[in-house]
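Data block below; observations after.
The values are calculated or read from the model by the stated rules, or taken from the named source; none is laboratory data. No experiment lies behind these values; they were computed from the predicted model shown. When we count neighbours, we look across all protein chains shown, and the Cβ atoms used for this are built from the backbone with ideal geometry, even at glycine.
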Amino acid sequence: MSTKKFLLQEKDIPTAWYNIAADMKNKPLPILNPKTKEPLHAEDLYPLFAEELARQEMNQTDAWIEIPEEVRDMYKIWRPTPLVRAYGLEKALDTPAHIYFKNESVSPVGSHKLNSAIAQAYFCKKQGVTNITTETGAGQWGAALSFAAKAFGLELAVYMVKVSYHQKPYRRSIMQSYGAEVIASPSMSTRAGRDIITKHPNYQGSLGTAISEAVELAMQTPNCKYTLGSVLNHVMLHQTVIGLEAEKQMEMAGEYPDIVIGCFGGGSNFSGISFPFLRHKLNEGKDIRIIAAEPASCPKLTRGQFQYDFGDEAGYTPLIPMYTLGHNFAPANIHAGGLRYHGAGSIVSQLKKDNLMEAVDIKQLDTFNAALLFAKTEGIIPAPESSHAIAAAINEALVCKEEGTQKTILFNLSGHGLIDMAAYDQYLSGDLSNHELSDDEIGKNLNELEHLI
Ligand SMILES: *Cc1c(COP(=O)(O)O)cnc(C)c1O
């Protein structure tokens, strides 16, 4: 009988995260102070982030960073996650390709985000921090951090974009179930929030405003730090447990992937699945294709520009060297698949610039088509975000069929979609369509960036 799932033991949970920056010939460019345009050092980030996380952010020399025992203990709740051979999907596609997926949807919060949330909460706690803050849009990061904060005895305040707070109540309930305080943003609890409410009493909030509120609260509260769920180098680092486990599991399956695929928002799950495999390409010249799958309505890697830009809409963060659509870019309202972030982190951007990876953009209706085929053949309703990776994997499998080649394809299932059924409802009732983004729309935002540096 053929094996469906490749399972590791708890003792196989990785003991170190993989820091790809150490192995990169062209290092990522430094992040800059937006006022002086000087490179930032780890110490400059200490007021905002836990010190160990700030050091991880800047580390370009150590390829391996030990995972503390306390973090590995927490990982045991759901790790190691299964590697699954998608026989059902292969059969439906009638492809000679072998398709595998790493199932990160089995975490208690339903996505990969807990891999970094646990690590970030741990390093805050270890430093004597008592309170943490963050912002959340749809709520996946907020949900993960709520459990992580509780696990390490930290108080968490989550600023949730007001429109999501009211329209997507279930992730709010999840955060509250874990004991987090969830505040609709803009709120009266910060100066940034009060200013906006005074000017626009009915403002429904944005991620930019929520970030300013979370940062302001962190800076003004003693023993309080701010946390972020993607984009930054230390988040990519923590997520490499995904690919490190997958590497061992592919060995159990007796195969090595020709193609590794992850969906791409800020880059954390993509980096997690792909960096450990990319290291064989960097260090041993292994022939392997690494593909980031992004939405056609938010195509920073395929149609953005490589340059310094702010990490957030409001322009509070350091300047980050990245492929970007401009920090003012907002995907069309019709877009329901997540992955709405305007840029890519500095490591991924450098890798893309050096042609060590590829990117593809996927149209909205193709992602939902792929999601339903996956659900019907493999039983798991995928997160709309993850469906971009599934669609890209299907495209590659169909090329194999056309060419009669038998490639091995590995993609990351970053999460399940059971709390995102509103997006499926929209699709099933025919309310979604593809959105064509014009060059003019992209150019308009990018032109505004020219004065930044
Ligand atoms: C947040 C999220 C993403 C996008 O974020 P990345 O940092 O690009 O991984 C993708 N999939 C799921 C399930 C998510 O929750």
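Working carefully through the options Pro80, Pro68, find the one that is of a type outside the set (Asp, Glu) and either within 16 Å of the ligand (Cβ to nearest atom) or buried (at least 18 other Cβ atoms within 10 Å of the Cβ) (or both). Even if it seems obvious, please write down each step before you answer.
Details: Pro68 fails: either within 16 Å of the ligand (Cβ to nearest atom) or buried (at least 18 other Cβ atoms within 10 Å of the Cβ) (or both).
Just a single option satisfies the conditions, and that option is Pro80.
Would you confirm whether any residue within segment 278-286 is among the polar types (S, T, N, Q), closer than 22 Å to His238 by Cβ and more than 15 Å from the ligand (Cβ to nearest atom)?
To start, the set of residues in segment 278-286 that are among the polar types (S, T, N, Q) comprises 283.
Checking the rest, the ones that are also closer than 22 Å to His238 by Cβ come to 283.
Applying the additional criterion that residues be more than 15 Å from the ligand (Cβ to nearest atom) yields 283.
Yes, that holds for at least one residue.
Run Leu432 past the list (1) in contact with a Leu (Cβ under 7 Å, 6 or more places away or on another chain); (2) within 16 Å of the ligand (Cβ to nearest atom); (3) farther than 16 Å from Ala293 by Cα and report the number of the one that doesn't hold. In the conditions (1) in contact with a Leu (Cβ under 7 Å, 6 or more places away or on another chain); (2) within 16 Å of the ligand (Cβ to nearest atom); (3) farther than 16 Å from Ala293 by Cα, Leu432 misses (2) alone.
Among the residues of segment 268-282, is any touching a Lys or Arg at 6+ places or on another chain (Cβ under 6 Å), farther than 25 Å from Gly137 by Cα, not in a strand (DSSP E or B) and not basic (Lys, Arg)? There is at least one residue in segment 268-282 that is touching a Lys or Arg at 6+ places or on another chain (Cβ under 6 Å), farther than 25 Å from Gly137 by Cα, not in a strand (DSSP E or B) and not basic (Lys, Arg).
With respect to being of a type in the set (Phe, Trp, Tyr), out of contact with any Phe, Trp or Tyr (no Cβ under 8 Å at 6 or more places or on another chain) and in the same structural domain as Ala296 (by TED's automatic domain parsing), Phe368 falls outside the description. In summary, strands (runs of 3 or more DSSP E) completely within segment 286-346 and bearing 3 or more residues that are within 26 Å of Asp258 (Cβ to Cβ) occur at 289-295.
Which of the residues belonging to segment 231-264 are within 12 Å of the ligand (Cβ to nearest atom) and buried (at least 24 other Cβ atoms within 10 Å of the Cβ)?
The answer is Leu232, Val235, Met236, His238, Gln239, Ile242, Gly262, Cys263, Phe264.
Take the conditions in a helix (DSSP H, G or I) and touching a residue at least 60 places away in the same chain (Cβ under 8 Å) and apply them to Leu217. Does it pass? Considered against the rule, which asks whether it is in a helix (DSSP H, G or I) and touching a residue at least 60 places away in the same chain (Cβ under 8 Å), Leu217 comes out as yes.
Every condition in (1) in contact with a Leu (Cβ under 6 Å, 6 or more places away or on another chain); (2) crowded, with 20+ Cβ neighbours inside 10 Å holds for Gln426 except the one numbered (2).
Of these, Gly337, Gly343, which one is under 30 Å from Pro30 (Cβ atoms), within 16 Å of the ligand (Cβ to nearest atom) and surrounded by 22 or more Cβ atoms within 10 Å (Cβ to Cβ)? Before the answer, list the steps.
Working: Gly337 fails: under 30 Å from Pro30 (Cβ atoms).
Exactly one residue qualifies, and that residue is Gly343.
The residues of segment 141-157 that are without any contact (Cβ under 8 Å) to a residue 40 or more places away in the chain, of a type outside the set (A, V, I, L, M, F, W, C) and in a helix (DSSP H, G or I), listed by number, are Ser146, Lys150. Please specify each residue of segment 169-197 satisfying the condition of being crowded, with 17+ Cβ neighbours inside 10 Å, out of contact with any Asp or Glu (no Cβ under 9 Å at 6 or more places or on another chain) and assigned to a loop (DSSP other than H, G, I, E, B). If the condition is that a residue be crowded, with 17+ Cβ neighbours inside 10 Å, out of contact with any Asp or Glu (no Cβ under 9 Å at 6 or more places or on another chain) and assigned to a loop (DSSP other than H, G, I, E, B), then Tyr178 is the only one that fits. Number of residues in segment 1-28 that are surrounded by fewer than 18 Cβ atoms within 10 Å (Cβ to Cβ), in a loop (DSSP other than H, G, I, E, B) and either in contact with a Ser or Thr (Cβ under 7 Å, 6 or more places away or on another chain) or without any contact (Cβ under 8 Å) to a residue 60 or more places away in the chain (or both) equals 2. When each of Glu385, Glu358 is tested for being of a type in the set (Asp, Glu) and within 13 Å of the ligand (Cβ to nearest atom), the lone residue that passes is Glu385.
The helices (runs of 4 or more DSSP H) falling completely within segment 56-135 that include 3 or more residues that are of a type in the set (A, V, I, L, M, F, W, C) and either more than 17 Å from the chain's Cα centre (by Cα) or more than 25 Å from Leu40 (Cβ to Cβ) (or both) map to 87-93, 114-126. Could you tell me whether segment 105-126 includes any residue that is assigned by TED's automatic domain parsing to the domain that holds Phe411 and among the aromatic types (Phe, Trp, Tyr)? The answer is no; no qualifying residue exists. Within segment 412-453, being closer than 23 Å to Lys102 by Cα and in a loop (DSSP other than H, G, I, E, B) holds for Ser414, Gly417, Leu418, Ile419, Asp420.
Selection of segment 108-125 for residues being out of contact with any Asp or Glu (no Cβ under 7 Å at 6 or more places or on another chain) and closer than 14 Å to Val71 by Cβ yields Leu114, Asn115, Ser116, Ala117, Ile118, Ala119, Gln120, Ala121, Cys124, Lys125.
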